[in-house]
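Notes follow the structure.
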Amino acid sequence: NLINRLTNTKLKTIILRSIHGDIYCGTRLKKFGLTDTDECPRCHLPETIEHQLYSCFYTKQLWELTSTVTSIPMSNLNQVLGYDDIHDKMTLTLHAEILTRLLSIERPKQDPRALLKSAITKLLIVEKSTTKYQINQMLKVLERIT
């Protein structure tokens, strides 16, 4: 079971919550009367869990940039959540950081490049020095495509 093999607690929590439908997306917030609308704050389509984490034009751009920087394809939500053997510990940590930001109550609206850059930069604090070279390489790739 993938979830049992994950050591990243943030990502494990996000995966379990998304599997059980326990993410406060727009449709769920409206259902519980916590908001008047179920719209995504970025594109104004109904915000489901899948939309919030993958289908929105904003998150699609973010995952395309992440794919370019990490060389890991992001063609579906399972890959975004790390449901494959391609992800290493560092990319799982990066995904957990991005997903945490996407799931925040105040949805990020800044440019996807800025969000990705701040998430990569946070890895410099979180990850051990052995991956600093990889992190700096990702930042260089991001600079080239922006």
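So, in the range 42-65, how many residues would count as being under 18 Å from R101 (Cα atoms) and touching an Asp or Glu at 6+ places or on another chain (Cβ under 8 Å)?
Step one: list which residues in the range 42-65 are under 18 Å from R101 (Cα atoms), which gives 42-43, 47-65.
Going one step further and asking which of them are touching an Asp or Glu at 6+ places or on another chain (Cβ under 8 Å), we end up with 47, 56.
So the count comes out to 2.
Evaluate the following for K109: is it among the basic types (K, R), under 17 Å from I14 (Cα atoms), open to solvent by 80 Å² or more (accessible area, probe 1.4 Å) and modelled with pLDDT under 85? Let's see the steps before the verdict.
Working: among the basic types (K, R): yes; under 17 Å from I14 (Cα atoms): no; open to solvent by 80 Å² or more (accessible area, probe 1.4 Å): yes; modelled with pLDDT under 85: yes.
The answer is no for K109.
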Check the range 61-74 and report whether any residue there is more than 25 Å from R28 (Cβ to Cβ), touching a helix residue (DSSP H, G or I) at 6+ places or on another chain (Cβ under 9 Å) and among the charged types (D, E, K, R). yes
Suppose we keep only residues that are part of a helix (DSSP H, G or I) and among the aliphatic types (A, V, I, L, M) within the range 37-55. Which one would you say is least open to solvent (accessible area, probe 1.4 Å)? L53
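Take the residues in the range 8-21 that are more than 24 Å from H44 (Cβ to Cβ) and not in a helix (DSSP H, G or I), then tell me which one is least open to solvent (accessible area, probe 1.4 Å).
Within the range 8-21, the first condition is being more than 24 Å from H44 (Cβ to Cβ), and the residues that meet it are 8-17, 19-20.
In the following step, the residues that additionally are not in a helix (DSSP H, G or I) were identified as 8, 20.
Details: N8: 27, H20: 141 Å².
The selected residue is N8.
From the list S71, S75, S104, pick out the single residue that is open to solvent by 70 Å² or more (accessible area, probe 1.4 Å), more than 16 Å from K140 (Cα to Cα) and among the small types (G, A, S). So that I can check it myself, show each step before the final result.
Values: S71 fails: more than 16 Å from K140 (Cα to Cα); S104 fails: open to solvent by 70 Å² or more (accessible area, probe 1.4 Å).
Only one candidate qualifies: S75.
Scan the range 88-111 for residues that are closer than 21 Å to I145 by Cβ, of a type outside the set (D, E) and over 11 Å from the mean Cα position of the chain (by Cα) and jot them down.
Matches in the range 88-111: M90, P108, K109, Q110.
Examine the range 54-67 for a residue that is among the polar types (S, T, N, Q), at pLDDT below 90 and out of contact with any His (no Cβ under 6 Å at 6 or more places or on another chain), and state whether such a residue exists. Reasoning before the result, please.
Our first condition is that a residue be among the polar types (S, T, N, Q); within the range 54-67, this holds for 55, 59, 61, 66-67.
From the residues that got through so far, the ones that are at pLDDT below 90 too are none.
No, the conditions are met nowhere in the range 54-67.
The values are calculated or read from the model by the stated rules, or taken from the named source; none is laboratory data. As the structure is a computational prediction, the values presented were derived from the model and not from experiment. Counting neighbours? That spans all protein chains shown, and the Cβs are built from the backbone with ideal geometry, glycine included. All accessible areas refer to the heavy atoms of the entire protein, side chains included, with ligands and DNA or RNA removed. Shrake-Rupley method; radii C 1.70, N 1.55, O 1.52, S 1.80 Å.
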